[in-house]
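Below is one structure, written out as structure tokens; comments come after it.
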Amino acid sequence: MSSRIAILAAFLAVAVAIAIAARPHDPTAGERVDRITAELRCPVCQGLSVKDSGSETARQMRDLVAQRVAEGRSDSEILAEFRTSYGDWILLSPPLSSWSLLIWLVPVAALAAGLWIARSRIRGGAVLAPPPSPSELASLRERVAAEEAAEG
Amino acid sequence: MARIARIAVVVAMLGLVLTLALAFRRDPHDIRTGTVGKPAPAFSLARLDGSGQLSLAQYAGKTVVVNFFASWCLPCEQENPALVRVYERYRGSDVVLIGIDYQESADGGLAYVRRMGISWPTVADDDGRVALGYGVFGPPETFFIGPDGVIAGRHIGPIDEPTLVRAIEAIRTAATQ
């Protein structure tokens with residue numbers, strides 16, 4: 001009995017520990033700076049985020065983000081400030097705007113158009129082939145019969 | 001049906017060619033990023049010669065050419081003669097040239113300014129805040145601000161005299177209309 005209680009207590013303790021560890025917590029200022037700078041593209045690097053870059057420009061951008069976080073600005077406000085200066089390009093995952101949406105839509109539209117053309121070609125080909133006439137059918141049957149007779 | 005498909009393919013190809021032609025016609029030095037067409041970010045920075053602060057606001061109503069430079073930037077040296085000539089051309093007029101020293105100590109910037117014979121106002125942006133506000137990728141970069149305080153254009157990379165004069169005159173012409 002006591003061993004069952006001990007196992008139950010152990011399970012409860014583990015469950016409570018997991019619940020405490022998994023509970024959502026407010027990110028610290030440092031975590032917010034990391035999260036925001038991970039979304040920003042370093043302007044002087046090749047495909048690196050501001051968080052991952054060691055350049056002077058990236059350091060200055062990190063300092064600015066840290067200052068804005070300390071001032072109480074929201075993540076979206078801070079990102080908007082950089083977008084005002086550099087445009088959507090500054091975001092490593094730019095939002096879908098009319099032009100970027102076009103970049104995604106054109107290949108899909110081209111694929112759909114290609115499939116449609118291929119389908120119409122295949123269908124058109126099947127329709128264009130006329131069925132054999134009775135005389136053609138008769139001559140074909142004769143030919144098959146002759147070939148079968150020749151083979152023995 | 002096949003005719004419609006053929007026409008659709010031709011139209012799509014023409015659209016692609018037109019898009020590429022328009023895209024390649026654009027000069028990469030004149031990329032219109034974030035700040036073009038918007039009010040120029042205000043700034044107040046220390047003058048390199050130590051004679052106090054310079055703020056953009058004190059040039060309100062004038063055509064302002066803001067040039068980001070650095071002593072470690074070779075293309076900045078290349079473009080400097082053009083800036084000197086343009087500065088002399090518009091000296092005493094409604095056109096103002098401001099040099100912003102980018103990412104370096106004031107001492108390094110001042111030595112460069114003296115060596116290159118720069119006599120227009122120059123300021124230090126040692127923490128890069130002004131450059132970030134303007135969306136600068138790296139020096140040299142030149143911004144053209146109209147009398148209304150709006151950024152009318154920018155030039156990425158070394159600039160030459162005709163481009164400078166063309167941009168300045170375009171702003172002056174627009175301001176008089």
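The values are calculated or read from the model by the stated rules, or taken from the named source; none is laboratory data. This one's a predicted model, so the numbers in the text were calculated from it and none came from an experiment. Quick reminder, even Gly has a Cβ in these numbers, built from the backbone with ideal geometry, and neighbours come from all protein chains shown. Each accessible area value is taken on the protein alone, full model and side chains, heavy atoms only, with ligands, DNA and RNA left out. Shrake-Rupley method; radii C 1.70, N 1.55, O 1.52, S 1.80 Å.
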Handout entry: Scaled radius of gyration (Cα, divided by 2.2 N^0.38 Å) that the stretch B:94-156 gives
Key = 1.16
Handout entry: Table column - 3J(HN,Hα) (Hz), the stretch B:77-86, Karplus curve with 6.51, -1.76, 1.60, x for Gly and Pro
Key = 5, 4, 7, 4, x, 5, 5, 4, 5, 5
Exercise for the section: Can you pull a Stokes-Einstein diffusion coefficient for the stretch A:2-90 at 25 °C (0.890 mPa s), Rh from Kirkwood over Cα pairs, as a whole number of µm²/s? Expected result: 158
Completion exercise
If amide H atoms are modeled at 1.01 Å from N in the peptide plane, then the residues at a separation of 5 or more from residue B:123, or on another chain, having amide H under 5 Å from its own are B:48, B:99, B:100, B:101
Handout entry: In Hz, Karplus ³J(HN,Hα) per residue of the stretch B:139-152 (6.51, -1.76, 1.60; θ = phi - 60°; x = Gly, Pro)
Key = x, x, 9, 10, 10, 10, 10, x, x, 7, x, 9, 6, 8
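Report, to the nearest whole %, how much of the accessible area of the protein assembly as shown belongs to carbon and sulfur atoms, 1.4 Å probe, protein only.
Numbers: 12640 of 20040 Å².
About 63 percent, which is the carbon plus sulfur part of the accessible surface.
Give me the inter-chain shielding for B:34-44: mean count of other chain Cβ atoms within 10 Å, whole number please. Write down the numbers at each step before the final one.
On the way: counts 9, 4, 1, 0, 2, 0, 0, 2, 0, 0, 0.
Across B:34-44, the average partner-chain Cβ count within 10 Å equals 2.
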Exercise for the section: Tell me the Kirkwood hydrodynamic radius of chain A in angstroms, computed as one over the mean inverse distance between distinct C-alpha pairs. Expected result: 23.2
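Looking at the calculated P(r) for the protein assembly as shown, what percent of the C-alpha pair distances fall above 34 Å?
Working: 27111 of 53956 pairs.
When all Cα pairs of the protein assembly as shown are counted, 50 percent exceed 34 Å.
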Practice task
Any chance you could get the radius of gyration and Dmax over the Cα atoms of the stretch B:62-177, in Å?
Solution key: 13.3, 43
Exercise for the section: Could you point to the residue in B:136, B:14, A:146 farthest towards the positive end of the protein assembly as shown's charge dipole, with +1 and -1 charges on the Cβ of Lys/Arg and Asp/Glu respectively? Expected result: A:146
Practice task
Pick out, from A:92, A:69, A:111, the residue whose Cα sits farthest towards the positive end of the charge dipole of the stretch A:62-116, with +1 on the Cβ of Lys and Arg and -1 on the Cβ of Asp and Glu.
Solution key: A:111
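Given Cβ point charges of +1 (Lys, Arg) and -1 (Asp, Glu) and nothing else, what value in debye, to the nearest 20, does the dipole of the protein assembly as shown about its Cα centre take?
Numbers: 33 positive and 35 negative charges, 170 e Å.
Charge dipole of the protein assembly as shown: 820 debye, to the nearest 20.
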